[in-house]
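The values are calculated or read from the model by the stated rules, or taken from the named source; none is laboratory data. These numbers were taken from a predicted model, which means no experiment stands behind them. Cβ coordinates were reconstructed from backbone atoms using ideal geometry, including for glycine residues, and neighbour counts include every protein chain displayed. Accessible surface is based on the protein model in full, side chains and every heavy atom, while ligands, DNA and RNA are left aside. Shrake-Rupley method; radii C 1.70, N 1.55, O 1.52, S 1.80 Å.
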Amino acid sequence: MADYDLVVLGSGPGGYVAAIRAAQLGLKVAIVERENLGGICLNWGCIPTKALLRSAEIYHYMQHASDYGLTAASISADIDAVVKRSRGVAKQLNQGVTHLMKKNKITVHMGDGMLLAANTLSVTKDGKTEELTAKNIIIATGARARDLLFAPADGKRIWTYRHAMVPPEMPKKLLVIGSGAIGIEFASFYNDMGADVTVVEMLDRIVPVEDADVSAFLEKSLTKQGMTIMTGAGVESLQATATGVSASIKGKDGKIVTSEFTHCIVAIGIVPNTENIGLEALGVEMDRGFLKTDTNCRTNVPGLWAIGDITAPPWLAHKASHEGVIAAETIAGGHPHAMDPLNIPGCTYCHPQVASVGLTEAKAKEAGFDVKVGNFPFMGNGKAIALGEAEGFIKTVFDAKTGELLGAHMVGAEVTELIQGYTIGKTAELVEADFMHTVFPHPTLSEMMHESVLGAYGKMLHM
């Protein structure tokens, strides 16, 4: 039996960051992982998908080389080589987390963890079990893809995100069910790689958590790229065959049409990994399978903490990491600031990219704010034109009474890198004058952030 100040169950971006921060603060720390250090994000999620999307992006540029005065002949894509590169990136980062565990003197226990009490858990691997005791335990077991009840993924014709990252072959005609970040990213990847892609979304617009203007712009862009987008639609039945997938889709007009596809990706949400780890026996409070926590990540059971995708949304890796720091610092006796969900940015790495933070225009109005809105297009920015990426816009939403930035919403090239500027502004509670008086470098895409703020107050310079 090993005794620790803290044991972290799960080594994803929430778990391993919590372990590192706790170790930095002088605690004796162990981490328990059943599969790969780094969890889903590093091994089967955020990072390898970005490697795939980078390959697709370069392939797209090669096909449009003439737009830049260049010639590229005999262009082709090797899906196996693209996947191999992606897996190599994931392996490199997995090794990096292994190094960080050693560097910070964190003991790693590989195996399946099970809570026996609020301060005790067992770890089982290859039929052998050991017990660990700790003053505190952080649950960071993450989540998995949600299956269709009537057509669970088989890895051959019906895929989850995990199957889509290591496809047995390149899809020719692909159905994507769900248009959240995961669904749209894979739709964008396979579309750029040459597949005929159809996206089915139950709600009335794609990327439905985003601002309505962003959703409309992205749908128009993806349709222009050749995708078929069906909103207000649902898949009534899905049948895998030896050669493909037969899907009966009910459109917004109420009519059901059966279409044939070679493959299908199901991206309809996540299921928290909270079953079969002993939570029920300890009386941990849950809401539809997700653990309830306070602002410092405590559960209702003393000594038991929870972070990441097993807690309340948004279900994002960077949110999990920040929660890991909050939990570790609180356990060590510190007083970290609670995290405001409205200050957590969201990013979708499709083509064009989408990024946002804070309230949409509609949500701000619903909350009773009198708003000022700025909207600046990429076509008004010199750097965007020089890059050949003049598609998109940046939208800002301010409280007309106080000048507080309520939300920022972007669609276009590299907006996932730009959004942090507004995120810092929201976190620091900056007002419109702070943004206006900031000098933005020229020529950069970031100048559009300045122009959008100026536009909200009738001071736009370049449009």
Express in whole angstrom the spacing between the alpha-carbon centres of the stretch 62-86 and the stretch 404-463.
34
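When every alpha-carbon pair in the stretch 319-450 is counted, what percent end up more than 19 Å apart?
Pairs farther apart than 19 Å: 53 percent.
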For the stretch 31-119, the Rg and Dmax computed from alpha carbons only, in angstrom:
19.4, 66
Mind jotting down the three principal axis lengths of the stretch 62-199 based on Cα atoms? Whole angstrom, largest first.
63, 43, 26
Once each part is reduced to its C-alpha centroid, what is the distance from the stretch 265-280 to the stretch 156-223 in angstrom?
22
Using a probe of 1.4 angstrom, how much of the accessible area of the stretch 160-264 is carbon and sulfur, in percent?
55
Relative contact order (percent, whole number), the chain, Cα cutoff 8 Å, 6+ residue spacing
15
Per residue, how much accessible surface does the stretch 322-385 expose to a 1.4 Å probe? Answer in Å², no decimals.
44
Share of Cα-Cα pairs in the stretch 418-463 beyond 11 Å, whole percent, is 67
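Contour minus end-to-end for K255 and I424, with contour as 0.36 nm per residue of separation and end-to-end as the Cα-Cα distance?
On the way: separation 169, 0.36 × 169 = 60.84 nm, distance 4.70 nm.
Separation in residues times 0.36 nm, less the Cα-Cα distance, equals 56.1 nm.
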Per residue value of the accessible surface for the stretch 182-262 (all protein chains in place, 1.4 Å probe), Å²
45
M202-I385 FRET efficiency (beta carbon distance; Förster radius 45 Å; 0.05 resolution):
0.75
Output the pairs from K224/K426; K103/K319; K319/K383; K91/K224; K319/K395; K28/K292 with a Cα-Cα distance over 29 Å in this structure; if there are none, say none.
K224/K426; K319/K383; K91/K224
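Can you give the percent of C-alpha pairs in the stretch 271-334 whose distance is more than 17 Å? Each step should come with its number before you reach the end.
Details: 737 of 2016 pairs.
The answer is 37 percent, as a whole percent.
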Starting from the Cα gyration tensor of the stretch 299-392, multiply each eigenvalue by 5, take the square root, and state the resulting semi-axes largest first in whole Å.
36, 18, 12
What are the extents of the Cα atoms of the stretch 1-65 along their three principal axes, listed from largest to smallest and rounded to whole Å?
60, 24, 10
Counting only DSSP beta bridges with both residues in the chain, tell me the antiparallel percent, nearest 5.
60
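Between E236 and K84, how high is the FRET efficiency from 1/(1 + (r/R0)^6) when r is the Cβ-Cβ distance and R₀ = 41 Å? Nearest 0.05.
That pair, E236 with K84, gives E of 0.65.
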Amide H to amide H, which residues 5 or more places from V176 or on other chains are under 5 Å from it, using H placed in the peptide plane?
T198, V199, V200, I265
Loop chymotrypsin sites (Phe, Trp or Tyr not before Pro), the stretch 132-176 (other Cβ atoms within 10 Å of the site Cβ: 13 or fewer; DSSP)
F150
Label point at A212 placed 7 Å out along Cα→Cβ; residues across the stretch 339-361 whose backbone nitrogen lies under 16 Å:
359-361
What ranking of V89, V32 comes out by heavy-atom accessible area, probe 1.4 Å, highest first?
V89, V32
With every protein chain kept in place and ligands, DNA and RNA left out, what is the accessible area per residue of the stretch 1-138? Probe 1.4 Å, answer in Å².
50
For V371, residues with placed amide H under 5 Å, excluding near neighbours
A400
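How big is Rg to Rh over the chain, alpha-carbon atoms, Rh as the Kirkwood inverse-mean-distance radius?
0.98
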Average silhouette area of the stretch 142-266, convex hull of alpha-carbon atoms, in square nanometres:
7.6
